[in-house]
Amino acid sequence: MTATEPGDDGALVLFSGGQDSTTCLAWALARFPRVETLGFDYGQRHRIELDCRDRLRSELGRIDEGWERRLGPDHTVDLATLGAVSETALTRDTEIAMAADGLPNTFVPGRNLVFLTFAAALAYRRGLRHIVGGMCETDYSGYPDCRDDTIKALQVALNLGMERRFVLHTPLMWLDKAATWGLADELGGERLVDLIVEDSHTCYLGERGERHDWGYGCGTCPACALRAKGFAAYRDRSRN
């Protein structure tokens, strides 16, 4: 298939099946008339997140008919090599802890750099100019590839290297987790919040057994703790 000339209207969303990427998908559907999604299978310990994607996509269309019309094809890329070269708690059955370099051992080196590079390659082929990701440096685990400076630098590199004018959007970059829940509420009301609670996946351990107020998960890993804290703060803000 030959590359398609990019338009100004199409968007590609990095869609893992988690809370942040589901919120970003709703954000994109509210702004762009043509939206496609991209997931990555890199041997992640919480690979169950990929199983959530189909239902999330179909249910988003039920929330808003316009979203259903705008939602285009879904793509999945096999990046098993990334998992194979990574010695992390997200790609190995290893206890989650802080590493000697001060970063959590859930950090997968180069992950977002690889994700966005493959996303740009797919966007190049599909004629999509806008690429949307859920990176955030407000409430996050300290991953250097989630920082705004990293994303801006990568945008420059991708545009130079592919001779295109991609725009990398990170709508959650300056939001804490409570504000991310609030953005979902703003975009799709309680129906979207409930969908994220019931059907998205965040837990690093891949646990889907226990149902909490904020969704399913082990309740103790950093991802669960951050999601739970943000949901409680969101509910408090909503009542005030």
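Throughout, read-outs are computed from the coordinates displayed, never taken from laboratory work. Just so it is clear, the structure is predicted and the values come from calculations on it, not from any experiment. With ideal geometry, Cβ positions are generated from the backbone for all residues, glycine too; neighbour counts draw on all protein chains shown.
Here are the numbers for this structure:
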read-out	value
For residue 139, net neighbour charge (Lys/Arg +1, Asp/Glu -1) across residues whose Cβ lies under 11 Å away	0
Two-site FRET efficiency, residue 162 against residue 93, from Cβ-Cβ distance with R₀ of 41 Å, rounded to 0.05	0.65
Order by protection proxy (mean Cβ within 10 Å, highest first), peptides 54-62, 42-50	42-50, 54-62
Chain lengthening between residue 148 and residue 113 when straightened (0.36 nm per residue, less Cα-Cα)	11.3 nm
Packing-based exposure ordering (other Cβ within 10 Å, fewest first) of 63, 151	63, 151
Contour minus Cα-Cα distance for residue 84 and residue 220 (0.36 nm per residue)	46.4 nm
Bridge type composition, the chain - antiparallel percent by DSSP, nearest 5	15
Order of 108, 114 - criterion: other Cβ atoms within 10 Å of each residue's Cβ, fewest first	114, 108
Cα Rg over Rh - the chain, Kirkwood	0.95
